[in-house]
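The values are calculated or read from the model by the stated rules, or taken from the named source; none is laboratory data. Keep in mind that what you see is a predicted model, and the values were worked out from it rather than measured. FYI the Cβ positions are ideal-geometry reconstructions off the backbone, even for glycines, and counts take in every protein chain you see. Quick note on the areas: whole protein, heavy atoms, side chains included, nothing else; ligands and nucleic acids left out. Shrake-Rupley method; radii C 1.70, N 1.55, O 1.52, S 1.80 Å.
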Amino acid sequence: MGWRSFIKGVGLGAFAIAVGGWFAWLSSSAPGAALPNIVLINIDDQGYADLGCYGARGFKTPNVDRLAEQGVRFTDFYVSHAVCSASRASLLTGCYAERVGIGGALSPWAQHGLSPEEETIADVLRARGYATGIIGKWHLGHLPQFLPLRQGFDEYFGLPYSNDMWPVAFDGSPAREGWKAFYPPLTLIEGEKAVEEIRSLDDQTTLTTRYTEKAIDFINRHRERPFFLYLAHSMVHVPLGVSGRFRGMSGQGMYGDVMMEVDWSVGEVMSALKRNGLEENTLVIYTSDNGPWLNFGNHAGSALPLREGKGTAFEGGARVPCIMRWPGQIEAGAVCRTAAGTIDILPTICAVTGAPLPAKKIDGVSILPLMRGDGDAGAHRTYYFYYDAELRGVRQGDWKLYFPHLSQTYEGFEPGKDGFPGRTGTRRVGLELYNLASDIGERTNVADRHPDVVARLTEAADEARSELGDRLTGAKGSGVRAPGRKQVVREATQHLAIGADLTLAHMPDIRYAGGRVDALVDGRRGSLDFTDGSWLGFEGADLDLVIGLQNVQTVSRVSCGFLENQFSWIFLPREVTVAVSEDGKRFQAVRPTAIDAPRANPIPEVQDLNCTFEPVAARFVRVVARNQGKCPSWHPGAGGKTWLFADEILVR
Ligand SMILES: [Ca+2]
Ligand SMILES: [Ca+2]
């Protein structure tokens, strides 16, 4: 029994419920009434149309199709967020990613991860007496304190993040420039230990087979007790890798070959369940974390007839296949056309197993009635489509409404091929309403014709805004919880500028420190994590600040904290100038601090730049930190605007 899992992050009340639930199960589990095993298979970047039963062309997926023949296939199933980390946060917690503070795709330098205070599917099932294992891609924080063993899993084997976050160029050679050169080595992790480096495209070809072998081993070892197996394939995310057995098998090319191998893997898992006599009493769920990465052309899947793909709120990004098989509980060959999503999987598993729901608020609901054929159950539920903390869309019934935003677009751009990406563009999306029943490809905006629907969905969106926030409208969500952070904000000692009046020549970006300018002199210093709510970020602009002290003070030192995180285009300033004044009009420069030209440094660092001078009487202190302006030629973003991140200007 994992006592730690009971105690972790829950209060005594929940502890009592968890223990009570477990004993209740022990006492009621007569032979033949054992709790069902749960196998959750999550594919990376697989498109809506990449399975035979969803209309795949050029390759076959007989094993996944068989799951659909024997279970239920959802036609309108959604991820909450069409990108890896955010999508996985929702899948495992039953929450919109915004609620649990996880956005986008975490980089290998991320200083945060899914908070260990959150309860995952593994947490709730382990508390119910299940053995829990994850094989494959995690991507909810690579630091040890955020890895799966801290999130309810007994066992882990796989990659901590995406298989393309590695120092290897698109052609498979060691990366010497561009983004790829910044990445640390990509390593497979067993438990919490790095066990082996994935160095080459050849190494990538082994992943699907190895994950499958580990999955079968897990099933064999846990045949005697209920288990939860989360098999999160690294494929079919680029760089594609397929074993020799499937190379050239599909006739569609590499992508089809890789899909066929993933399908083979599903067949192997099903065979292992059958050999162990577990085929009946296991709920198998198959889904994908987001739509296809279309600019990879023939190395990407297809979401047709849906619009766009990964990284957008359109259907091609957010709508994914989902199949569930559970003989005797789910009717064979059923098709569910009611909207549902990955946020519903945790509460559904709780309903199926009798496990208590997480103590903290979640967003999903049990879709057990839908699985059992009651298509009307929850037909009027609302699903929200966030991206980058922006509430971009909302679906209710057949209607989907988009709010004005800038979206990535693949339309009109020549895709790449053979593992190389093509360009993508940006599209301004307006207030757009589509009827998905008559216009699944989202081509005819009918917002003008249905003002009542627009009003109703806008009202529904307001509920999400007040609960989960929305960067598009500036709404702060009252239900948003913090992610797990490696470092808390560093304390600063008392200094003269705390609480002083601040005047800024350029306003910082509102995304960091929530636009609170006074964070610069609140006595707390930013950590290595630029999302920690402490930093003020300036894109392409200088920090030009006048600090108005309460009264004239003797000042002899000004210290400024700056962050360097070149992967995120954050650079140290090229110069810092400090000047003082008694009247706020005539300033006397005390000393400029020139800073060396930036050199490539992939590791995030906080630098405190100190300026010490002869004591001088001052009422006002002006600090100007010059932004580098443009990413240097050696940087992957060469020519793009650099960010300057400042926190805590200490005056003494
Ligand atoms: Ca993905
Ligand atoms: Ca501060």
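For the stretch 169-186, a residue qualifies if it is touching a Lys or Arg at 6+ places or on another chain (Cβ under 9 Å) and open to solvent by 10 Å² or more (accessible area, probe 1.4 Å), and the qualifying residues are ALA169, PHE170, PRO174, PRO185.
Does the stretch 159-166 include one or more residues that are outside any helix (DSSP H, G or I) and away from ligand 1 (no atom under 16 Å from the Cβ)? Steps first, answer last, please.
Pass one, the stretch 159-166, residues outside any helix (DSSP H, G or I): 159-166.
Still in the list and also away from ligand 1 (no atom under 16 Å from the Cβ): none.
For the stretch 159-166, residues outside any helix (DSSP H, G or I) and away from ligand 1 (no atom under 16 Å from the Cβ): absent.
Pairs meeting the criteria (first residue in the stretch 587-603 and free of Cβ contacts under 8 Å to residues at least 60 places away in the same chain, second residue of a type in the set (A, V, I, L, M) and outside any strand (DSSP E or B), beta carbons under 6 Å, at least 6 apart or on different chains) are ILE595/LEU572. Evaluate the following for ALA497: is it at pLDDT 90 or above and within 16 Å of ligand 2 (Cβ to nearest atom)? Yes: the conditions hold for ALA497. Looking only at residues in the stretch 504-521 that are open to solvent by 50 Å² or more (accessible area, probe 1.4 Å) and within 10 Å of ligand 2 (Cβ to nearest atom), the one that is modelled with the lowest pLDDT is ARG516.
Taking only pairs six or more apart or across chains, which ones have beta-carbon atoms under 9 Å, a first residue in the stretch 363-376 that is free of Cβ contacts under 8 Å to residues at least 60 places away in the same chain and assigned to a loop (DSSP other than H, G, I, E, B), and a second residue that is surrounded by fewer than 20 Cβ atoms within 10 Å (Cβ to Cβ) and of a type in the set (S, T, N, Q)? Between residues of the stretch 363-376 that are free of Cβ contacts under 8 Å to residues at least 60 places away in the same chain and assigned to a loop (DSSP other than H, G, I, E, B) and residues that are surrounded by fewer than 20 Cβ atoms within 10 Å (Cβ to Cβ) and of a type in the set (S, T, N, Q), the close pairs are ARG372/GLN329. Residues in the stretch 526-548 that are surrounded by fewer than 19 Cβ atoms within 10 Å (Cβ to Cβ) and part of a strand (DSSP E or B) were compared, and the one that is nearest to ligand 1 (Cβ to nearest atom) is GLU539. For the stretch 190-301, the helices (runs of 4 or more DSSP H) that sit wholly inside it and include 3 or more residues that are buried (at least 23 other Cβ atoms within 10 Å of the Cβ) are 207-221, 254-275.
Residue by residue, here is whether (1) modelled with pLDDT under 95; (2) more than 24 Å from THR212 (Cβ to Cβ) holds:
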| residue | (1), (2) |
| --- | --- |
| LEU40 | no, no |
| GLN46 | no, no |
| GLY55 | no, yes |
| GLY58 | yes, no |
| VAL64 | no, no |
| ARG73 | no, no |
| ALA89 | no, yes |
| THR93 | no, yes |
| PRO108 | yes, yes |
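Pairing residues of the stretch 78-91 that are near ligand 1 (Cβ under 8 Å from one of its atoms) with residues that are aliphatic (A, V, I, L, M) and open to solvent by 10 Å² or more (accessible area, probe 1.4 Å), at Cβ distances under 6 Å and at least 6 apart in sequence or on separate chains, gives VAL83/ALA105; CYS84/ALA105. Consider ASP363 carefully, then state whether it is open to solvent by less than 10 Å² (accessible area, probe 1.4 Å), over 28 Å from LEU240 (Cα atoms) and of a type in the set (D, E, K, R). Considered against the rule, which asks whether it is open to solvent by less than 10 Å² (accessible area, probe 1.4 Å), over 28 Å from LEU240 (Cα atoms) and of a type in the set (D, E, K, R), ASP363 comes out as no. When only residues in the stretch 302-334 that are open to solvent by 30 Å² or more (accessible area, probe 1.4 Å) and either part of a helix (DSSP H, G or I) or at positive phi (or both) count, which is modelled with the highest pLDDT? Top of the filtered list is GLY333.
Residue check: SER478 meets all listed conditions (1) within 16 Å of ligand 2 (Cβ to nearest atom); (2) open to solvent by 40 Å² or more (accessible area, probe 1.4 Å); (3) small (Gly, Ala, Ser) but one, namely (1). Just so you know, in the stretch 377-390 the residues that are out of contact with any Gly (no Cβ under 8 Å at 6 or more places or on another chain) and touching a residue at least 60 places away in the same chain (Cβ under 8 Å) include one that is farthest from HIS81 (Cα to Cα), and it is THR382. Here CYS84, CYS53 are screened, and the one residue that is within 27 Å of the chain's Cα centre (by Cα) and either open to solvent by less than 20 Å² (accessible area, probe 1.4 Å) or more than 25 Å from CYS350 (Cβ to Cβ) (or both) is CYS84. Count of the stretch 593-616 residues, restricted to those that are in a strand (DSSP E or B) and either touching a helix residue (DSSP H, G or I) at 6+ places or on another chain (Cβ under 8 Å) or modelled with pLDDT of 95 or more (or both), is 0. Determine whether the stretch 572-585 contains at least one residue that is open to solvent by 10 Å² or more (accessible area, probe 1.4 Å) and under 29 Å from the mean Cα position of the chain (by Cα). Yes. The residues of the stretch 310-327 that are among the hydrophobic types (A, V, I, L, M, F, W, C) and out of contact with any strand residue (DSSP E or B) (no Cβ under 7 Å at 6 or more places or on another chain) amount to a single one, PHE314. Take the residues in the stretch 428-468 that are over 21 Å from LEU306 (Cβ atoms) and of a type in the set (A, V, I, L, M, F, W, C); name whichever of them is surrounded by the fewest Cβ atoms within 10 Å (Cβ to Cβ). Filtering the stretch 428-468 for residues that are over 21 Å from LEU306 (Cβ atoms) and of a type in the set (A, V, I, L, M, F, W, C), the one surrounded by the fewest Cβ atoms within 10 Å (Cβ to Cβ) comes out as ALA455.
Can you confirm whether the stretch 587-596 contains a residue that is more than 16 Å from ligand 2 (Cβ to nearest atom) and closer than 14 Å to ASP529 by Cα?
Restricting attention to the stretch 587-596, the residues satisfying the condition of being more than 16 Å from ligand 2 (Cβ to nearest atom) are 587-596.
Checking which are closer than 14 Å to ASP529 by Cα leaves us with none.
Among the residues of the stretch 587-596, not one is more than 16 Å from ligand 2 (Cβ to nearest atom) and closer than 14 Å to ASP529 by Cα, which makes the answer no.
Condition check for SER107 on (1) open to solvent by 20 Å² or more (accessible area, probe 1.4 Å); (2) more than 16 Å from ligand 1 (Cβ to nearest atom): one failure, at (2).
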